[in-house]
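The values are calculated or read from the model by the stated rules, or taken from the named source; none is laboratory data. If you're wondering where the values come from, they're calculated on a predicted model, not measured in any experiment. With ideal geometry, Cβ positions are generated from the backbone for all residues, glycine too; neighbour counts draw on all protein chains shown. Ligands, DNA and RNA are excluded from the accessible area calculation, which covers all protein heavy atoms including side chains. Shrake-Rupley method; radii C 1.70, N 1.55, O 1.52, S 1.80 Å.
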Amino acid sequence: MDTSPSPSGPGVLTPRSVEEARELLMASRPVLARGAGTKWAMADPPSGAWLMDMRQLAGIVEYEPAEFTVTARAGTPLRTLVELLASHGQYLPFDPPFVEAGATVGGAVASALSGPGRLRFGGVRDFVLGIRFLDGEGRLVRGGGKVVKNAAGFDLPKLFCGSRGRLGVIVEVTLKVFPAPRAFGTVVVSLDTVEEAAAALRDLARSPLEPHAVDLVPPEAVAGGWERADRPLAPSASRPPTTLLVRVGGSPDALDAWIGRMEARLGRRGLRLHGEAEAALWVRLRDLRWLPPAWRLIRLHLVPSLLSRAERTLGRLGAVRHYSVAGNVGWAAVPSEADWGELVRALQALGAPAMAMRGAPPGGVWVVAPPGEAFARRVKQALDPGQRFGPL
Amino acid sequence: MGIEKELARIYPPDARVTEPVALAAYECDALTAVQQLPLAVVFPETTEQVVATLRLCHEEGVPFVARGSGTSLSGGSVPVPGGIVIALNRMDRILRIDPDDLRAVVQPGVVNARISQAVAPYGLYYAPDPSSQVICTIGGNVAFNSGGAHCLKYGMTSNHVLGLEVVLPGGELVTLGGESLEVAGADLPGLFVGSEGLMGVAVTVTVRLLPRPESIRTVLAAYHSLEAAGDAVARVVGAGLLPGAIEIMDRLAIQAAEAAVHAGYPLDAAALLIVELDGPREEVEADFLRLTEAIRASGAYEIRVARDEAERARIWKGRKSAFSAVGRLSPDYLVQDGVVPRTRLGEALAEIERLSARFGLRVANVFHAGDGNLHPLILYDGREPGALERAEALAGEILRLCLRLEGSITGEHGVGLEKRTYLAEMFGPDDLDAMRRIRLAMDPREVANRGKMFPGEPVGEQVGVGRGPHPLERAGLLSRM
Ligand SMILES: Cc1cc2nc3c(=O)[nH]c(=O)nc-3n(C[C@H](O)[C@H](O)[C@H](O)COP(=O)(O)OP(=O)(O)OC[C@H]3O[C@@H](n4cnc5c(N)ncnc54)[C@H](O)[C@@H]3O)c2cc1C
Ligand SMILES: Cc1cc2nc3c(=O)[nH]c(=O)nc-3n(C[C@H](O)[C@H](O)[C@H](O)COP(=O)(O)OP(=O)(O)OC[C@H]3O[C@@H](n4cnc5c(N)ncnc54)[C@H](O)[C@@H]3O)c2cc1C
């Protein structure tokens, strides 16, 4: 252990076993679990919190490819999981971000962050089958199971998606996995206006062509992207997101015809990408690598029909914006802390739930809080009555 | 009595029932073996009425059960002794369809199949398709996290419910989730779905719609043994395919379905495999080649590919009617829905066959093989003394088998009243306690569907007609305490 709890002040707790995690937990308060933990905006630790670094509680517990399930300890790097699955032709369809940056299984569930590929088969919540966690009283609780279908008891695995360490410390997760598409292909189409691009996005998402991802990005996000993936965006740039990216995955022989029909539907031909360049483009987008790290960043929970309004609001403020998951997720970034005030007000007027991912907006991590606060408070009361994990 | 007067303040005469004769229609759900007369049945048409009713129940400590169409197979919608039934069938409006957002907002009493019908003109559908979809309601589907044949690829009800308006047991109206595919914050709609009516009454449900698949390929394969059909599933999965559905029916189920709906199934088969691929044309065609290879290599003695929608419908009609068709083979039957790991299906089926012989009862098997979700139908004759008890004992052994194999006691039908004892065999005391604490935080007086799901939760005084101990109680499967 790096640090054992002491009255002199908080530090980092590094349990190597569930039992140790429980002991450390009971001796410390408040506590916030963390995985690879770089984005404190989202973690937003309660003041004076002990940080419980979960990365020693790692390792695959069970993997049976024919079951389409895998069980891993919370601190397991997603990379370990992704590589293991790939060696059996399988993958995580929710397309988690920051695999390369070291993101962990527990953090992925607690933050409920999915990538653009969640469009086709669903997000983290749709793939979490089972969970084991320590609650605020130090009890080890199991919910869900290890089979792909299960309706017994309350769905605690889903509850923990997006719980941000506030309801308990996740120690183990069982995920559903799928056979991986044998190849992916992407078409990049430049449109003239955002309205046109948004209409195209909606049309494709409603079509029976079932794309794996449909994203709308500013030209900078792809310009030179596949040759020079590391070149960051100049802080002055904020061109409108008129570049449409459409991804499909499946049998290599089928992709070209499939993309061809997308293009026909759009009435435009685009730039087709395959192989490594294609994969690199999506990693770059998923991990927001094209965005300068210092920029303040907000994630919006949208619906496609809100996209035009969101765009008018954000465009006026000069924010950089990326609409992902066919208009269900929006990313908005501004260069500096000085830009928060106006952005926050504009987002509040828009009304869609919005959360800070980098930077600290006035008023806390939720710029626009999701509904259900009264319900959430009762759940919190049940699992963490002593507020060991800080307030919600 | 007092409650009746209070209800009269909330409901007009044609929206409440208290006469025993009329109440009898609500005394059980599709698990007909358990019956209980309610104190009253009310038919709210507005959210305000539901709020007022739950507030009343909370204040008076009167238990209630929300009810959709009463098709629960686990006793989930059986009235609570001394309690009120809140029948939601009149809250059956589709409030909004947003084709661009791929959403619909509906009231809880909307029948599942009606959503797909309503959105068909937009080329869309609602994916979860329980076999009971032409009668069961979205509210019931939400409470039980219902499934159907397409769960492996498309998930269960919870994967398609984005937002809810819920009246909590104290009468508080809350909104959970929203319309975005991504739930913000801890996944509260995810927790409510599957909570079996214990966290309150859903009064509005926002569901996700999907574009209707462009292309569908349905294959029927016949085998000389059940094991061979099971092995075929492993081959299909091993080929890296993700079919929309993989179903298996055994000989008894085939015969029953054939006699009932003349699906044209090969009658000499020991087992049938139904596999369906769906998606964009290019994808389905490419996968279809690999699928037929896998099935050919699996030793099927007959393979049929549906040539058109009519043939496909016929194949599914046989499968979907299998439950009720079994009624032709036997005056009574019990259906279970335990889950086992897919790779242990063969082992599970062999054990079920052994148990069937030991208990001297026939068992027909129809199951969602892709999910490992078994649906053993235990045939018995209720007129024969002790037969029901034996059937229940056999059902219990099958559930224990599922647990031994690290599966689950329910894939889609819920725990209800029927399987609550087994919940304690699936989860440990700390697990159950966490769930109980959540239940109590939502409903401190335990008025919402009291006695369901949790083992040992007091059910309360029995009212209505005295029936003596129920057979399930004698078998130790159920207790009222
Ligand atoms: C815009 C953005 C940029 C990011 N940039 C980077 C980056 O540059 N480098 C990088 O490494 N990561 C980055 N991340 C974060 C991170 O990699 C992903 O969010 C990842 O999916 C979370 O995994 P993690 O293990 O890093 O979780 P953490 O960041 O450690 O934690 C995320 C949340 O989950 C909770 N949590 C973590 N583990 C547990 C557990 N076992 N039980 C209960 N709660 C838990 C934390 O309390 C926190 O609220 C970024 C995230 C965002 C949104
Ligand atoms: C022939 C047959 C085939 C079936 N096939 C399937 C199948 O393939 N897959 C499957 O999953 N199930 C199946 N079932 C079981 C059943 O149809 C489902 O569980 C269904 O979801 C129940 O819906 P219902 O409207 O009848 O609900 P009910 O039986 O009325 O109620 C079920 C539960 O939901 C609660 N409830 C109802 N409405 C609400 C509400 N608005 N808010 C809160 N709680 C509420 C009730 O309190 C109860 O606990 C089948 C049943 C039959 C009879």
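Worth a mention:
- For segment A:1-180, the Cα-based Rg and Dmax, in that order, read 15.7, 51 Å.
- Distant-in-sequence amide H partners of B:D332 (H built 1.01 Å from N, under 5 Å): B:Y380, B:G382
- When a 1.4 Å probe is rolled over the protein heavy atoms, the share of accessible surface on chain A that falls to carbon and sulfur comes to 51 percent.
- Loop-resident trypsin sites (Lys or Arg not before Pro) (DSSP state other than H, G, I, E or B) in segment B:66-115 with no more than 13 further Cβ atoms inside 10 Å of their Cβ: B:R93.
- When the Cα positions of B:A257, B:A87, B:F427 are compared along the charge dipole of chain B, B:A257 comes out farthest toward the positive end, with charges on each C-beta of Lys, Arg, Asp and Glu.
- Average partner coverage of B:367-373, which counts Cβ from other chains inside 10 Å: 3
- Extents of segment A:31-128, taken as max minus min of Cα coordinates on every principal axis and listed largest first, are 45, 28, 21 Å.
- Average Cα contact separation per residue, chain B, under 8 Å, 6 or more apart, as relative contact order %: 15
- Contact order normalised by residue count of segment B:215-324, Cα under 8 Å, 6+ apart, percent: 46
- Evaluated at q = 0.06 Å⁻¹: base-10 log I(q)/I(0), Debye formula over Cα of the protein assembly as shown: -0.39
- Two-decimal ratio, segment B:94-212, of alpha-carbon radius of gyration to 2.2 N^0.38 Å: 0.97
- Its residue count N fixes a reference of 2.2 N^0.38 Å for segment A:89-227, and the Cα radius of gyration divided by that reference is 1.27.
- Projecting the Cα positions of B:G190, B:M156, B:L173 onto the charge dipole of segment B:94-212 (unit charges on Cβ atoms of Lys, Arg, Asp and Glu, taken about the Cα centre) puts B:M156 furthest along the positive direction.
- Neighbouring Cβ atoms from other chains, within 10 Å of the Cβ of residues in B:238-247, number 2 on average.
- For the pair B and A, the buried accessible area comes to roughly 7000 Å² in total, with a 1.4 Å probe and the value rounded to the nearest 100.
- Sparse-neighbourhood loop sites, GluC sites (Glu not before Pro) in segment A:165-211 - DSSP loop, at most 15 other Cβ within 10 angstrom: none
- Each label was represented as a point 7 Å from its Cα along the Cα-to-Cβ direction; for B:V305 and B:S215 these points are 1.1 nm apart.
- Per residue accessible area in Å² of chain B, where ligands, DNA and RNA are left out and the probe is 1.4 Å: 33
- Segment A:82-141: relative contact order as a whole-number percent, Cα under 8 Å and 6+ apart: 29
- Solvent-accessible area per residue, Å², over segment A:1-180 with all protein chains present [probe radius 1.4 Å]: 30
- Along principal axes, Cα extents of chain B, largest first, whole Å: 69, 58, 42
- For chain B, the longest principal axis of the C-alpha atoms and the axis of helix B:429-442 are separated by about 50°.
- Build a GNM of chain A with springs between Cα atoms under 10 Å apart, and of A:A108, A:A21, A:A382 the one that fluctuates most is A:A382.
- Placing one equal scatterer on every Cα of segment B:66-109 and applying the Debye formula, the log10 ratio I(q)/I(0) at q = 0.22, 0.26, 0.27, 0.33 Å⁻¹ is -0.77, -0.89, -0.92, -1.10.
- Rounded Å value of the spacing that divides the Cα centres of segment B:200-279 and segment A:256-281: 34
- For the protein assembly as shown, the residue among A:G318, B:V134, A:I298 whose Cα projects farthest onto the positive side of the dipole built from Cβ charges is A:G318.
- Cα-Cα separations in chain A greater than 29 Å, expressed as whole percent: 44
- Cα pair distances in segment B:332-413, grouped into 10 Å bins until the bin that holds the longest one, percent each: 21, 55, 21, 3
- Overall Cα dimensions of segment B:215-324 - principal axes, largest extent first, Å: 37, 28, 19
- Among the trypsin sites (Lys or Arg not before Pro) in segment B:368-443, those placed in a DSSP loop whose Cβ has at most 10 other Cβ atoms within 10 Å are B:R383.
- Carbon plus sulfur fraction of accessible area for segment B:215-324, probe 1.4 Å, in percent: 52
- Average 1/r across all pairs of distinct alpha carbons in segment A:198-351, invert it, and you get the Kirkwood radius: 16.2 Å.
- Amide proton proximity set for A:F178, modelled H, under 5 Å, gap of 5+: A:Y91
- In terms of distances greater than 19 angstrom between alpha carbons, the cross-link table entries A:K146/A:K176; A:K146/B:K153; A:K158/B:K452; A:K176/B:K153 yield A:K158/B:K452.
- Dipole moment magnitude, nearest 20 debye, segment B:94-212 about Cα centre, only Lys, Arg, Asp, Glu C-beta charged: 380
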